[in-house]
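Contents: one structure, followed by commentary.
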Amino acid sequence: MQMMLFLLVLLLAPLGADAQTPRIERIDVVDYGIYTVQEKNCKRDEQGIQRCDRANVRHAVTTSSVPAQLGVQFGMVYRVVGTPVGAPVTIKRVWLLPAPGFVQPGKEPILRLERADAATIGATMLAQYGFDDPWELIPGAWTQEFWIGDRKLLTRTFTVVKQ
């Protein structure tokens, strides 16, 4: 009897472990457009882009047209849909910038920004970009992509327009 119980546990163990492996179905857009945020603890990354902790995020307007103005924050709130709810996952976010890209004095132009973000299945997350420097004000199509591994789950394009 003990041998049968042992064999049953061995057979079922992979099923239990597999049930806990996060499975991502899709990413849903909750809202998008322009946001107001409170920034703190700002630092420049290796590309010269300012990264800040954000609080008091408020959706200001739903739009895909974004004014090229310092201080404007745009992007989307999204939800990772999958199982199990509450499981941590890593999302790769990519911004594809219009030519000529970010042109900073003494640096190569930047046409692509990429970062890995921690997300939680079922939770809402903010993915946005804020204009902090004049060299970031590039008119044209800014495309935001969301990836899990080598699978692209979502693409959204914003059009940045000069005022």
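Observations, loosely collected:
- Here the gap between Lys92 and Lys162, fully extended at 0.36 nm per residue and compared with their Cα-Cα distance, gives a gain of 22.3 nm.
- Neighbourhood charge, 14 Å Cβ-Cβ cut-off, centred on Gly33 and excluding it, Lys, Arg +1 and Asp, Glu -1: +1
- When the Cα positions of Ala60, Val89, Thr124 are compared along the charge dipole of the chain, Ala60 comes out farthest toward the positive end, with charges on each C-beta of Lys, Arg, Asp and Glu.
- For the chain, a crude dipole built from +1 on the beta carbon of Lys and Arg and -1 on the beta carbon of Asp and Glu, taken about the Cα centre, is about 120 debye to the nearest 20.
- Against the main long axis of the alpha-carbon atoms of the chain, helix 2-20 sits at an angle near 10°.
- Within a straight-line Cα-Cα reach of under 15 Å, Lys162 can be paired with the following aspartates and glutamates, leaving aside sequence neighbours fewer than 8 residues apart in one chain: Asp133, Glu136.
- Proximal aspartates and glutamates to Lys40, defined as alpha-carbon separation beneath 14 angstrom and excluding residues fewer than eight positions away on the same chain: Asp53, Asp132
- For semi-axes √(5λ) of the Cα gyration tensor in Å, the value computed from the atomic coordinates appears in the list [x] 40, 17, 14; [y] 38, 15, 11; [z] 21, 19, 15 under label [x].
- Region 22-161: relative contact order as a whole-number percent, Cα under 8 Å and 6+ apart: 28
We did not get these values from a lab; they are worked out from the coordinates using the rules stated. Since the model is a prediction, treat every value here as computed from it, not as a measurement. Positions of Cβ are generated from backbone atoms using ideal geometry, with glycine treated the same way; all protein chains shown enter the neighbour counts.
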